[in-house]
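S.K.: Sharing a structure here in structure tokens format.
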Amino acid sequence: MPPKLDAKRLLKLPINKSFFLFGARQTGKTSLLKKFIAGKRHIFYDLLDPDDFSRLSQDPKNLEVDIKANPNVTNIVIDEIQLLPNLLNTVHLLIERYKNISWALTGSSARK
């Protein structure tokens, strides 16, 4: 087993701005974002989770339902956005509509 490296990340995520974080699978994107939002009022969607996937694929408007149910939310993360590319239109609309919320979307190459 190779030794575990404790490398310092060179990536600085933008604060109070929305962004995409793309990269190869299993490189730590999700772990990085979980640390980034720790202590912030956030909503985290993991599209690998069947419940999150089903709920958002059936009705993308559920994103706005959740925002309205959590009026103090400051950050929203959608992990594995490549699994629901049609969700991007709704996300774009909500980014424009809710300027006080920062969005982080992660994606990687689709598995074959």
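S.K.: Condition check: modelled with pLDDT of 90 or more and more than 19 Å from residue 28 (Cβ to Cβ). Does residue 43 satisfy that? It would help to see each step written out before you state the result.
M.R.: Details: modelled with pLDDT of 90 or more: yes; more than 19 Å from residue 28 (Cβ to Cβ): yes.
Taking the combined requirement at face value, the residue satisfies it.
S.K.: Restricting to the stretch 79-97, name every residue that is surrounded by 15 or more Cβ atoms within 10 Å (Cβ to Cβ), at pLDDT 95 or above and in contact with an Asp or Glu (Cβ under 9 Å, 6 or more places away or on another chain).
M.R.: Listed by number, the residues that qualify are 90, 94.
S.K.: For the stretch 21-112, please list each of the helices (runs of 4 or more DSSP H) lying entirely inside it that holds at least 1 residues being in contact (Cβ under 8 Å) with a residue 60 or more places away in the chain. Spell out how you get there, then give the answer.
M.R.: On the way: elements: 29-37, 50-58, 62-69, 87-97.
Here the list reads 29-37, 87-97.
S.K.: Okay, moving on. Only one of these is closer than 16 Å to residue 106 by Cα and modelled with pLDDT of 80 or more: 34, 68. Name it. Steps first, answer last, please.
M.R.: Numbers: 68 fails: closer than 16 Å to residue 106 by Cα.
From the options 34, 68, the qualifying one is 34.
S.K.: Those residues that are surrounded by fewer than 12 Cβ atoms within 10 Å (Cβ to Cβ) and not hydrophobic (A, V, I, L, M, F, W, C), I need them from the stretch 62-78; list them, please.
M.R.: Result: 68, 71, 72.
The values are calculated or read from the model by the stated rules, or taken from the named source; none is laboratory data. Keep in mind the model is a prediction, meaning the values are calculated, not measured. All Cβ positions, even for glycine, are placed from backbone atoms using ideal geometry, and neighbour counts span all protein chains on display.
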